[in-house]
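To keep things clear, I will list the structure first and then write my remarks on it.
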Amino acid sequence: LGKMGKSLKNVVTPDDMCDRYGADTFRLYEMYTGPMDASRPWSTRDVVGPQRFLQRVWRNLVDENTGEPRVTDSPPDVHTLRALHKAISGVREDYPALHYNTAAAKLIELNNHLTKAFPGGAPRAVAEPLVLMLAPLAPHISEELWSILGHAETVAYQDFPVADEQYLAQDTVEYPIQVNGKVRSRVTVPADADRAAVEAAALADEKIAAVLDGAAPKKVIVVPGRLVNIVR
């Protein structure tokens, strides 16, 4: 066999990956590396990323010492509700389009929020939708989590979460501020701020005031929702 025999010794099969990392990790890795209709490089080293994500989800929802759920019945704050419904809205669009990689990225972002915001246990109102959204990507761990959360029925037949529109609207908008075409600062204003309010906030910014050095700008161009361009 020569060189072929040597190369066959280094082949890693899907069965090997499942034995080493688990079927859910392997499945998630396959979906997370890129769009399903695109050619993607294979790297066994990258499998640890999906594995760590699933481990973090488990630790967020389950006490590793007792095996009991770590969720609470406390209502989530508005910031968390925005993060949740943003994820729901995005994942509901990604799955039918077969964009499993971007759906996974949104779930990672939501789980990271829970890790930082709720070190003592995530609200059930967020934990359960997270498990439901994760199920198509990692069905085995999701089934186990769903059971630990107190549900006797399978996760497979549950209704998929639906986003609440009231939490999708942005309450603020960040504007980059350009001076003669070069970004010098950024300012955050209410989403419903009109042009005059955006212009006033831009000119009041300390960095912009320093650049202008007391001189009145020749022109201020406000592109709603996008940027402010100041011409000296």
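The values are calculated or read from the model by the stated rules, or taken from the named source; none is laboratory data. If you're wondering where the values come from, they're calculated on a predicted model, not measured in any experiment. Note that each Cβ is placed from the backbone with ideal geometry, even for glycine, and that neighbours are counted across all protein chains shown. Side chains are part of the model used for accessible areas, which takes the heavy atoms of the whole protein and leaves out ligands, DNA and RNA. Shrake-Rupley method; radii C 1.70, N 1.55, O 1.52, S 1.80 Å.
Got at least one residue in the stretch 161-169 being over 17 Å from residue 71 (Cα atoms), of a type in the set (D, E, K, R), open to solvent by less than 70 Å² (accessible area, probe 1.4 Å) and touching a residue at least 60 places away in the same chain (Cβ under 8 Å)?
As a first pass, look at the stretch 161-169 and keep what is over 17 Å from residue 71 (Cα atoms): 161-169.
Then keep just the ones that are of a type in the set (D, E, K, R); that gives 164-165.
Subset that is open to solvent by less than 70 Å² (accessible area, probe 1.4 Å): 164.
In the following step, the residues that additionally are touching a residue at least 60 places away in the same chain (Cβ under 8 Å) were identified as 164.
Taking every residue of the stretch 161-169 in turn, at least one turns out to be over 17 Å from residue 71 (Cα atoms), of a type in the set (D, E, K, R), open to solvent by less than 70 Å² (accessible area, probe 1.4 Å) and touching a residue at least 60 places away in the same chain (Cβ under 8 Å).
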Exercise for the section: Check whether at least one residue in the stretch 170-187 is assigned to a loop (DSSP other than H, G, I, E, B) and over 22 Å from residue 110 (Cα atoms), and report yes or no. Expected result: yes
Handout entry: Those residues of the stretch 145-160 which are among the aliphatic types (A, V, I, L, M) and open to solvent by less than 50 Å² (accessible area, probe 1.4 Å), in sequence order
Key = 145, 148, 149, 155
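Conditions tested, residue by residue: (1) of a type outside the set (Ser, Thr, Tyr); (2) touching a Gly at 6+ places or on another chain (Cβ under 8 Å); (3) modelled with pLDDT under 95.
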{"position": "132", "(1), (2), (3)": "yes, no, no"}
{"position": "136", "(1), (2), (3)": "yes, no, no"}
{"position": "140", "(1), (2), (3)": "yes, yes, no"}
{"position": "144", "(1), (2), (3)": "yes, no, no"}
{"position": "151", "(1), (2), (3)": "yes, no, no"}
{"position": "173", "(1), (2), (3)": "yes, yes, yes"}
{"position": "194", "(1), (2), (3)": "yes, no, yes"}
{"position": "213", "(1), (2), (3)": "yes, no, yes"}
{"position": "224", "(1), (2), (3)": "yes, no, yes"}
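Okay, residues lined up against (1) within 17 Å of the chain's Cα centre (by Cα); (2) more than 24 Å from residue 33 (Cβ to Cβ):
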{"residue": "57", "(1), (2)": "yes, no"}
{"residue": "93", "(1), (2)": "yes, no"}
{"residue": "103", "(1), (2)": "yes, no"}
{"residue": "112", "(1), (2)": "yes, no"}
{"residue": "116", "(1), (2)": "yes, yes"}
{"residue": "119", "(1), (2)": "no, yes"}
Fill in the blank from the handout: The condition from (1) modelled with pLDDT under 95; (2) buried (at least 17 other Cβ atoms within 10 Å of the Cβ); (3) in contact with a Lys or Arg (Cβ under 9 Å, 6 or more places away or on another chain) that residue 120 misses is numbered (2)
Exercise for the section: For residue 172, state whether it is of a type in the set (S, T, N, Q) and open to solvent by less than 70 Å² (accessible area, probe 1.4 Å). Expected result: yes
Fill in the blank from the handout: How many residues of the stretch 123-144 are free of Cβ contacts under 8 Å to residues at least 40 places away in the same chain and open to solvent by 50 Å² or more (accessible area, probe 1.4 Å)? The answer is 2
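Does at least one position in the stretch 71-85 carry a residue that is surrounded by 14 or more Cβ atoms within 10 Å (Cβ to Cβ), touching a residue at least 24 places away in the same chain (Cβ under 8 Å) and more than 19 Å from the chain's Cα centre (by Cα)?
Quick first cut of the stretch 71-85, residues surrounded by 14 or more Cβ atoms within 10 Å (Cβ to Cβ) only: 71-72, 76, 80-85.
Imposing the further condition that a residue be touching a residue at least 24 places away in the same chain (Cβ under 8 Å) reduces the set to 71-72, 76, 80-85.
Now restrict to residues that are more than 19 Å from the chain's Cα centre (by Cα): 71-72.
Yes: one or more hits.
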Handout entry: All positions within the stretch 89-114 that are out of contact with any helix residue (DSSP H, G or I) (no Cβ under 8 Å at 6 or more places or on another chain), open to solvent by 40 Å² or more (accessible area, probe 1.4 Å) and within 20 Å of residue 166 (Cα to Cα)
Key = 92, 93
